[in-house]
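The values are calculated or read from the model by the stated rules, or taken from the named source; none is laboratory data. Computed from a prediction, not measured in an experiment: that's the story for all the values here. Don't worry about glycine lacking a Cβ; one is built from the backbone with ideal geometry, like all the others, and counts go over all protein chains shown.
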Amino acid sequence: MGEMADMLAHSAGQLFAASATPADVRRIEDGESWDALWSGIAAAGFADALVPEAAGGAGLNGSDVAVLMFLAGAYALPLPIGQSMVARAAAAQCGLALPEGPVAIADHTAVHDDGGVILVDVPYGAVCRHVVARVADRWVFLAADGARVERSGVHGSLTATLTWTGDADAAPGLDGAEVDWLAAGALVTAARMVGAMERALEMTVDHANQRVQFGKPIGKLQAIQQQISVMAEEVFAARMAASLGLAQPLSHGRAAAVAKSRVGEAAATVAAVAHAVHGAIGITEEFDLQLLTRQLHEGRTQYGGERYWNLRLGHAALAEGAPPLAIVQGISAGKRLAAEL
Amino acid sequence: MIAALPLSVIPDTDEALRAEVRTFARDAVKDVAPEVRARSWMGFSPEFSRALAARGWLGLSIRKEYGGQEAGYFRRFVIVEELLAAGAPVSAHWIADRQSGPLIQKFGTEAQKLHYLPPICRGESYFCIGMSEPNAGSDLASVRTRAERVDAGWRLNGQKIWTTNAPHSHYMIALVRTSGTAADRHKGLSQFIVDLKAPGVTIRAIRDLAGDAHFSEVFFDNVELPEDALIGEEGSGWEQVTAELAFERSGPERILTSIVLLEAWLDWLRQGAAADPADTALAGRMLAHLTVLRELAIAVTGKLAAGESPIVEAALVKDLGVTFEQTLPTLIADAIAADPQRPVPAPLRNTTAFVAQVAPSYSLRGGTREILRGMIARGLGLR
């Protein structure tokens, strides 16, 4: 990991530990204000991590910010930090004013209804100031202030449908950003899920070592050990998948596809084992595991699930005609690691 | 403890060799049926091994003074990837190149290194692994083959089993007991380089369920070994074997054993009319898994190249890799049987059948799944 990434991870960890505690997360999921948390993120410069230095940002690359995105998942951060970072960088690239506040990315194309605009089930739609969306064949920023916000109804979820009646305040001009927005949303979601999975693994190992039954910690039982080993394997695979995705440009749909597919598949196993080992306490609202596993379940279905991205990868591979190892090498080629200072 | 596996890059100087190796390997097997190439690294050809050596593609991690290339782990990774993807016949030199040579370089005396390493690097000297016994598989520390000191050296009695390639090998590196009893577990074990032509050595091939005879039983009946047959320290056999297994478990081979089958299936999909979405999604899923597994294998190689000993990490990647390798024939079998009206070409049918038959062996050799998962659990701090 590069030194820049180390520094970022350290300061993000400190900020989240102070301002995104499990209690803070629960409050924001309940509908209370997220202003203070976002202010802290913006003041620390995290939102502008990917914005070029010439535009006032840190000019980092995807690999540099990987750990920050993982931490967002580990803390179940109730704000679309990954989406905001990508959106602000894209705005800078297009010469647009950087949008204020948290920025969501819609994963469905806008629906037009009676002159209004509807964005269905926007991830973090309940906690954003702006949304990147495809409206009438263009990629735009929409201001959330003018919209009616209806939360999805899934318990604790920050997904929301945003409805604008009449003209939505849309700032066009994102088409030049060379971003595959669905892939970008998929990638930042995959990275968040990795952080949640790593924290879930940590909690699971701790629980297995502490919970005593039959006179010994349950982690001494082979059946428990084997499940947790499988969980760890999936976490390692997921982290590598997301790391590869982040090491490629945001126009590189294939690496993002690999990330979302592999991470989504891993998440199902990881959530299941975490809950199996924790027993009944893991299903309670009071215990923090649910903050992590709810992110995993929701993340699987956002920006396309495993089947969607597998289809895209498969179509491309069958059309390409190259042997499988060559295809795989092509997805990996040119990856950019975190910078050393 | 288990350390993170960071995304790693293969150095450009090693990547540069890839195209040449790919062309050479694919040329060498262009008339060989996929079901034969699917034997993967079990294909035996001394000519091919010597040809690789002549190009400087063997002995990559062996120092030049011993006839090696001194080119490091990434060089070997690139070369092996391309050889395995083509299904080239690498088995003659395989074990010597992958682990026996590096083991001799790590633990051998100068005389042993000068004697054994150059012919290994020339692709002329073939080794097999003497670990498992009929009563000592996963419980390797309970081996009973014994070497006793005699005037001129040692006397060896016992047997080994599941020894891949023994009939074709010149030497075996065997884990044996030199002091104490099985109750002493890891203490009192040593490794010997056994000349398989020595009197008292009997090799009996074992036919497998696919009709091949890749592995064997090897019997030792009062085999006389010279003093310098001992490799490393007497009593350090367990530590040495652990290091040897790290060599064995790292590298791209652990994720590429089924790739000839995957390629054959993709080619068949490409020939037909537009592929069924289920097949397309399955192809994508497999490529996603393979992409990630390869990055993990590259990361393990990076740790070896940095002089680390990624024992648990290599076990983790091996277990993930073999799970993928074993799932592949199961899923492809279902895919090719999805339309009873569409006949399957014999090469694809036979390759699928062969890989399905032998796939259980992938998670048995080099440490069973259950053992590896126990190692991972220990690395996580659960044991």
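Values as computed for the structure displayed
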quantity: Which listed residue is part of a helix (DSSP H, G or I), farther than 30 Å from residue B:10 by Cα, under 24 Å from the mean Cα position of the chain (by Cα) and within 7 Å of chain B (Cβ to nearest Cβ), from A:307, A:294, A:300; calculated: A:307
quantity: Condition met for residue B:2 (buried (at least 23 other Cβ atoms within 10 Å of the Cβ), of a type in the set (Val, Ile, Thr) and not in a helix (DSSP H, G or I)); calculated: no
quantity: Single unsatisfied condition, residue B:273 versus (1) buried (at least 21 other Cβ atoms within 10 Å of the Cβ); (2) within 13 Å of chain A (Cβ to nearest Cβ); calculated: (1)
quantity: Residue satisfying all of: in the stretch B:280-336; acidic (Asp, Glu) and facing chain A (nearest Cβ under 9 Å); nearest to residue B:258 (Cα to Cα) among these; calculated: B:319
quantity: Filtered residues of the stretch B:111-142 (kept if among the basic types (Lys, Arg) and assigned to a helix (DSSP H, G or I)); calculated: B:113
quantity: Residues satisfying the stated conditions in the stretch B:283-309, i.e. β-branched (Val, Ile, Thr) and either more than 14 Å from residue B:323 (Cα to Cα) or touching a residue at least 60 places away in the same chain (Cβ under 8 Å) (or both); calculated: B:291, B:298, B:300, B:301
quantity: Residue tally, condition of a type in the set (Lys, Arg) and more than 15 Å from the chain's Cα centre (by Cα), over the stretch A:235-262; calculated: 1
quantity: Enumeration of residues in the stretch B:326-382 that are in a loop (DSSP other than H, G, I, E, B), surrounded by 14 or more Cβ atoms within 10 Å (Cβ to Cβ), out of contact with any strand residue (DSSP E or B) (no Cβ under 9 Å at 6 or more places or on another chain) and of a type outside the set (Gly, Ala, Ser); calculated: B:344, B:345, B:368, B:380
quantity: Checking residue A:23 against (1) surrounded by fewer than 19 Cβ atoms within 10 Å (Cβ to Cβ); (2) assigned to a helix (DSSP H, G or I); (3) under 20 Å from the mean Cα position of the chain (by Cα), the condition it does not meet; calculated: (3)
quantity: Whichever residue in the stretch A:237-252 is of a type in the set (A, V, I, L, M, F, W, C) and at the interface with chain B (Cβ under 7 Å from one of its Cβ atoms) and, among such residues, is farthest from residue A:196 (Cα to Cα); calculated: A:247
quantity: Strands (runs of 3 or more DSSP E) contained entirely in the stretch A:138-210, each with at least 3 residues that are aliphatic (A, V, I, L, M) and in contact with a Phe, Trp or Tyr (Cβ under 6 Å, 6 or more places away or on another chain); calculated: none
quantity: Residue pairs meeting the criteria (Cβ under 6 Å; at least 6 apart or on separate chains; first more than 10 Å from chain A (Cβ to nearest Cβ) and at positive phi, in the stretch B:78-90; second modelled with pLDDT under 95 and in a helix (DSSP H, G or I)); calculated: B:87/B:37; B:87/B:260
quantity: Some residue of the stretch A:263-279 being at the interface with chain B (Cβ under 7 Å from one of its Cβ atoms), of a type in the set (D, E, K, R) and under 16 Å from the mean Cα position of the chain (by Cα); calculated: no
